[in-house]
Amino acid sequence: MGEVYRSYSAYLNQVYAKRVYRIGVDGQFSCPNRGKDGSGGCAFCDGTGTVAAYQKPQDRSNEKPKVRMEERKSTIAMQIERGKKFLKRRYRAELFSLYFQSYTNTFDTVEHLKELYDSALSYGPFTELIVSTRPDCITDEIVALLASYKDKVQKVWIELGLQTANDDTLKFVGRNHDVSSYIKAANSLHLAGIGVCTHVILGLPYESRADIARTAQIVNDAHCEAVKIHNMHVCYDTRLQDWYEKGEVSTASRRRHVEQTIYFLRRLNPSLVIERLVCETPDYRLMAPRAFGDKHRFLQQLKGTMEVHGWVQGDLV
Ligand code: SF4
């Protein structure tokens, strides 16, 4: 049997036929959903920001004075160098994509963004430019800036955090944006020829199968090209931790996440690239689920179940 879903590695092989790896960098951005003292934010966010395992956590501040720009640029250059060395040694990487990964990577003035992106891209060549952000941090000026890089790389992507297509859940977990802002952002990015990868979380508090189906529908309708799926997990020092300790919310076991993921995948357009299927939060940050097991076992179970039943991505679209 062929692949039961369109994996990211299959996409990269098909398009570039070489070993392409992304270098994740932290540009010391902050987040509009957090106060200057680090308060607020999404209920599931521990404020550490996602950072590639081979990188070191960067200093950040919600005040972004111009004087810090040189420091930010040189830090990014060091991260690119470190990432290249690591990915060549560990995976024999042949090509690299540049991935602005941590926090909200369009949350700055357009002038600052241009300076940072230009500087980072000068350490290329890069196959793709990938920028992770929130739907409410996409303006026409930012779209135009991102589109201007289409002649420097083969593809420009934005990773947009939607998490769920249920506005009540978005409010409950403190996202401070709604589904319509995601649709608006995705539309303007597509009009400019920029690819959209949507982040979703399965198993958010009080969500049902109907919410999962609706999220798949919205992602399809937005003509999104890729998706990253996360299982809801509880990190230390989050509001979710408080709710979890009070017994108000629970996390999915590996079996339940397999079921929910299959339910979602079968409703997603078959052309969508599946870039991620499960969280890989390091143990020192992860409160629950602790007995989930490793990603390899999860993937085995997911693929095995789909193959046995003859299910594939998009067979219910
Ligand atoms: S938008 Fe991202 S960085 Fe900001 S609080 Fe939410 S998860 Fe954290």
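For S132, the residues 5 or more places off, or on other chains, whose built amide H falls under 5 Å of its own are F100, N105, E159. Scan around S97 for amide H atoms under 5 Å from its own, H built in the peptide plane at 1.01 Å from N, and keep only partners 5 or more places away or cross-chain. Counting only residues 5 or more places away or on other chains, the set is Y21, R22, I23, T127, E128. Figure legend: label point modelled 7 angstrom from the Cα of R19 along Cα→Cβ; residues of the range 97-135 with amide N under 17 Å from it are 97, 127. Taking amide hydrogens as placed 1.01 Å from N in the peptide plane, the amide H of A288 sits under 5 Å from those of V234, each at least 5 positions away in sequence or on another chain. Straight-line reach from K303: taking Cα to Cα under 20 Å and skipping same-chain neighbours fewer than 8 places apart, the lysines in range are K228, K295. Straight-line cross-link reach from K150 at under 19 Å between alpha-carbon atoms covers these aspartates and glutamates, not counting any fewer than eight positions away in the same chain: E111, E115, D118, E128, D140, E141, E159, E225. Across the range 7-122, the volume of the C-alpha convex hull divided among the residues equals 122 Å³ per residue. Loop-located trypsin sites (Lys or Arg not before Pro) in the range 250-312 (DSSP state other than H, G, I, E, B) with a sparse environment of at most 11 neighbouring Cβ atoms within 10 Å: R290.
Normalised by the residues of the chain, what does the relative contact order come to in percent, with Cα pairs under 8 Å and at least six apart?
18
Tell me which lysines have Cα within less than 24 Å of K85's Cα, excluding those fewer than 8 residues away on the same chain? Excluding near neighbours in sequence, the set is K18, K56, K73, K152, K155. As a ratio to 2.2 N^0.38 Å, the alpha-carbon radius of gyration computed for the chain takes the value 0.97. Taking every DSSP beta bridge that has both residues in the chain, what percent is antiparallel when rounded to the nearest 5? So the antiparallel bridges amount to about 10 percent of the total. Report summary: the helix-based calculation at 222 nm, which adds -39500 (n - 2.57) for every DSSP H run with n ≥ 4 and divides by the residues of the chain, gives -11500 deg cm²/dmol.
Could you tell me what percent of the DSSP beta bridges with both partners in the range 174-317 are antiparallel, to the nearest 5?
Taking every DSSP beta bridge within the range 174-317, about 20 percent pair in antiparallel fashion.
Read-outs throughout are calculated quantities, based only on the coordinates presented, and are distinct from any laboratory measurement. Everything numeric in this text was worked out from a predicted model, so none of it was measured. Neighbour counts are summed over all protein chains in view; Cβ atoms, including those assigned to glycine, are modelled from backbone coordinates with ideal geometry.
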